[in-house]
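Read-outs throughout are calculated quantities, based only on the coordinates presented, and are distinct from any laboratory measurement. This is a predicted model, so every value here is computed, not measured. Here Cβ is always computed from backbone atoms with ideal geometry, including for glycine, and neighbour counts include all displayed protein chains.
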Amino acid sequence: MEQENYSVGLDIGTTKIVAIIGKENEYGKIEVLGIGRSKSLGVHRGVVNNITQTIKSIQQAVEQAEADSGLKIGSVVVGIAGQHIRSLQHSDYITRANSEEVINEDDLDKLCNQVYKLVMLPGEEIIHVLPQEYKVDGQAEIKQPIGMYGGRLEANFHVVVGQVSS
């Protein structure tokens, strides 16, 4: 099975680590193809305090999921939680050079990348920037502005921030 046909989730918790492989079936439901579990070593209250032990626990869970499914995992989506994670709301905008050209993916990337330049508290960095809603020339509640025309592109973002040392 090719990588594009399935997704892998990895949950690194304080007590256990779980790797799960699944794919969307014809009914839009997730079909579990394989699952692996291991005791979580090196994690305390959601914070990795022994990276070597944590890596071994992750490898064990991933290997179990691969054996259970018969697939080789190439990449995973990791859930991050704990006291070292926080989120905030942020609004930002760009002014486009030519409002007569359609808004494209490059415009959205430029706006999103601008958010990554926000100054965080010492020891923190932005983990993820999620656009929630766009505005084009003041018109609000736009979910997908690609293909629209406008000079000012704005967005409200959900920004996930984490401590670098964790």
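What is the list of residues in region 81-100 whose amide nitrogen lies under 12 Å from a point 7 angstrom out from the Cα of V119, following Cα to Cβ?
none
Can you list which of the trypsin sites (Lys or Arg not before Pro) found in region 112-157 are DSSP loop residues with at most 14 other C-beta atoms within 10 Å?
Numbers: sites: K117, K135, K143, R152; in loops: K117, K143.
Taking region 112-157 and a limit of 14 other Cβ atoms within 10 Å, the loop trypsin sites (Lys or Arg not before Pro) found are K117, K143.
What does the convex hull of the Cα atoms come to per residue for the chain, in Å³?
Hull volume over Cα atoms, normalised by residue count, gives 148 Å³.
Any chance you could check the Cα centroid distance between region 1-65 and region 73-99 for me, in angstrom?
Cα centroid to Cα centroid, the span is 22 Å.
Could you run the Karplus curve 6.51 cos²θ - 1.76 cosθ + 1.60 with θ = phi - 60° over region 131-137 and give me ³J(HN,Hα) per residue in whole Hz, x for Gly and Pro?
x, 9, 7, 10, 10, 10, 6
Rounded, prolate or oblate, given the Cα gyration tensor of region 85-163, with a/c below 1.5 counting as rounded?
Because a/c hits 1.5 or more and a/b exceeds b/c, region 85-163 counts as prolate.
Quick one: what are the phi-derived ³J(HN,Hα) couplings along region 152-159, Karplus 6.51/-1.76/1.60 with θ = phi - 60°, whole Hz, x for glycine and proline?
Per-residue couplings from phi come out as 10, 10, 10, 8, 9, 10, 9, 10 Hz.
Short version: ³J(HN,Hα) in whole Hz for each residue of region 9-14, in order, from phi by Karplus 6.51 cos²θ - 1.76 cosθ + 1.60 (θ = phi - 60°), x for Gly and Pro, what are they?
Karplus-based 3J(HN,Hα) across region 9-14 equals x, 10, 10, 9, x, 6 Hz.
When only DSSP loop residues count, what chymotrypsin sites (Phe, Trp or Tyr not before Pro) in region 70-165 have their Cβ near at most 14 other Cβ atoms within 10 Å?
Y116
Report, to the nearest 10°, how far helix 51-69 tilts away from the longest principal axis of the Cα atoms in the chain, using its own Cα long axis and a range of 0 to 90°.
Computed tilt is about 80 degrees.
Whats the longest run of the chain with zero GluC sites (Glu not before Pro) that are DSSP loop and have at most 10 other Cβ atoms within 10 Å? Before the final figure, lay out each step's value.
Details: sites that count: E2, E26, E100.
With GluC sites (Glu not before Pro) excluded where exposed in loops, the chain gives 27-99 as its longest stretch.
What FRET efficiency do you get for H128 and T14 if R0 is 25 Å and r is their Cβ-Cβ distance, rounded to the nearest 0.05?
0.70
Calculate the spin-label point distance for T95 paired with K56, positioning each point 7 Å from the Cα along the beta-carbon direction, and give it in nanometres.
5.9
FRET efficiency for I80 and N5, Cβ-Cβ distance as r, R0 = 22 Å, nearest 0.05?
0.30
May I ask you to list the trypsin sites (Lys or Arg not before Pro) in region 48-109 that are in a DSSP loop and have at most 13 other Cβ atoms within 10 Å of their Cβ? Let's see the in-between values first.
Numbers: sites: K56, K72, R86, R96; in loops: K72, R96.
Those that pass, being in a loop and sparsely packed, are K72.
Based only on the alpha carbon positions, what is the Kirkwood hydrodynamic radius of region 3-79, in angstrom?
Taking the inverse mean of 1/r over all distinct Cα pairs, region 3-79 comes out at 12.6 Å.
Compute the angle between helix 105-115 and the longest alpha-carbon principal axis of the chain, please, reported from 0 to 90 degrees and rounded to the nearest 10.
Orientation of helix 105-115: about 80 degrees from the principal axis.
Dividing the convex hull volume of the Cα atoms of region 36-122 by its residue count, what figure in Å³ per residue is obtained?
166
Mind telling me which of I80, I17, I103 comes out most flexible in a GNM of the chain, alpha-carbon contacts under 10 Å?
I103
Please go through the residue pairs K29/K143; K23/K117; K16/K72 and name each one whose alpha carbons sit more than 32 Å apart in this structure.
The answer is K23/K117.
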